[in-house]
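Following: one structure in structure tokens, then a few remarks.
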Amino acid sequence: MQSPFIVNEQALSLYRYPISQNNRSLQAWDAADEYLINYLTENDLLNKDSKVLVVNDSFGALSINLLNYSTTMVSDSWLAHRGLEENIAQNHLSADNLTISDSLTNLPNDANVVLYKIPKSKALLAEQLIQIKRQLSSDIIFIAAARAKDIHSSTLKVFEKYLGTTTTSLAVKKARLVFCQLDNQQTHQSPFPTVWPLEGTPYNISNHANVFAREKLDLGARFFIPHLPNIKPNQQVIDLGCGNGVIGLTLLNTQPAAQLTFVDESFMAVASAKQNIENNLPDAAEHCQFVVNDCLSGFEANSVDVVVCNPPFHQQQATTDHIAWQMFNDAHRVLKHGGELRIIGNRNLAYHIKLKRIFGGCKTIASDKKFVVLSARK
Ligand SMILES: C[S@@+](CC[C@H](N)C(=O)[O-])C[C@H]1O[C@@H](n2cnc3c(N)ncnc32)[C@H](O)[C@@H]1O
């Protein structure tokens, strides 16, 4: 059981989402959340006219303290959306003043206070600051927060470049705040989506800011592509953790009659995958599905022929293997008997041990010094 999140003498039970994840020692909030909420209170920055925009709240630690104000929480993460909803329910709070929004929807342009958790991805940081500058008034209160070790001078330069004059607070419990005064200079042009050609094909891959491998093909995916399974017409196939959809696109290239479902927890990833199939294989797009979801939760058991997956090993700032576990367990549940999970992984992650536990065994399809492609059948 985790200790409660206590700010302003209010104790809240906050959990990371999904609640079932193995690594329960990871907290659902950090010192930067505490610092930001305490700073707002101590400086009396909110009043009944405040319209608060919270960006990148991990699992609701910020938003849940702002439910008395008109608040919008924006995040590219489906898990962050669900985490906030679950934590509100868990603490028996009312969400009447709260809107939860994805990263591709316009920001509420009447927001006058922006609380910004600095993301790991510099690309997402730049894109979000460009959108804030473009869509909000220059007299907003803007405060960003992160662990001090994640705020570098290069990070502050990004704030200076896209928003305006930037200052920082002292560090408290190893967290720091960043204050920006928006200037009146012209907004920068967004460099996103980025587009790169998929080598050996006529296809172009388009990527929103928060998409994995947005600048070029991932090395793991490059090793995976020649070792993908042969798909028969009309088979049900899932590209799990699809990112820009490059793995599913490659399968559709060889078997355009396959029924492909692209799944990712990033709204930007799923939007990019959809765009990439529509642009490159418009006929196949008609029988594809694009789903923002936590792994395969809610998918029907025994319904799918093949799952392909290049699993992640981070959730937000934390390195963790619980998502790979969940992906493999979900794939096992969702596959038909005889169905195949085919994955790529770094050798040192030893995914064969997990597959042995879940499927009873697995076969090595290919390997080199760095990567291994494994196949497990249900
Ligand atoms: C290593 S990337 C692979 C992307 C793409 N398939 C490729 O090979 O370039 C892993 C992907 O898993 C997604 N992901 C992370 N957690 C997830 C979850 N709980 N459910 C679904 N997708 C998730 C990430 O957003 C990321 O796009």
Problem - Test: residue in segment 343-358 that is open to solvent by 70 Å² or more (accessible area, probe 1.4 Å) and touching a Lys or Arg at 6+ places or on another chain (Cβ under 7 Å) - result: yes
Handout entry: Complete set of residues in segment 219-243 that are in a loop (DSSP other than H, G, I, E, B) and open to solvent by less than 40 Å² (accessible area, probe 1.4 Å)
Key = L228, P229, I231, Q235, G241, C242, G243
Handout entry: Close pairs from segment 266-283: first farther than 10 Å from D76 by Cα, partner assigned to a strand (DSSP E or B) and open to solvent by less than 10 Å² (accessible area, probe 1.4 Å), Cβ under 6 Å, at least 6 apart
Key = S272/N207; A273/F262; N276/I205
Handout entry: Where F212 falls short, out of the listed (1) more than 9 Å from the ligand (Cβ to nearest atom); (2) open to solvent by 10 Å² or more (accessible area, probe 1.4 Å); (3) touching a residue at least 60 places away in the same chain (Cβ under 8 Å)
Key = (1)
Completion exercise
Expected single match for hydroxyl-bearing (S, T, Y) and either open to solvent by 50 Å² or more (accessible area, probe 1.4 Å) or more than 15 Å from the ligand (Cβ to nearest atom) (or both) among S206, S190 is S190
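Taking R333, is it open to solvent by 40 Å² or more (accessible area, probe 1.4 Å), away from the ligand (no atom under 13 Å from the Cβ) and within 24 Å of F371 (Cβ to Cβ)? Walk me through how you get there before you give the answer.
Values: open to solvent by 40 Å² or more (accessible area, probe 1.4 Å): yes; away from the ligand (no atom under 13 Å from the Cβ): yes; within 24 Å of F371 (Cβ to Cβ): no.
It is false that R333 is open to solvent by 40 Å² or more (accessible area, probe 1.4 Å), away from the ligand (no atom under 13 Å from the Cβ) and within 24 Å of F371 (Cβ to Cβ).
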Practice task
List the number of the failed condition for E340; all other conditions in (1) among the charged types (D, E, K, R); (2) open to solvent by 20 Å² or more (accessible area, probe 1.4 Å); (3) closer than 25 Å to K232 by Cβ; (4) over 23 Å from the mean Cα position of the chain (by Cα) hold.
Solution key: (2)
Exercise for the section: Return a yes/no flag: does segment 193-208 have any residue that is acidic (D, E) and under 28 Å from H81 (Cα atoms). Expected result: no
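The values are calculated or read from the model by the stated rules, or taken from the named source; none is laboratory data. Note that the coordinates shown come from a computational prediction; the quantities given were computed from them, not determined experimentally. Every residue, glycine as well, gets a Cβ built from its backbone with ideal geometry; the counts of neighbours run over all protein chains shown. Accessible surface is based on the protein model in full, side chains and every heavy atom, while ligands, DNA and RNA are left aside. Shrake-Rupley method; radii C 1.70, N 1.55, O 1.52, S 1.80 Å.
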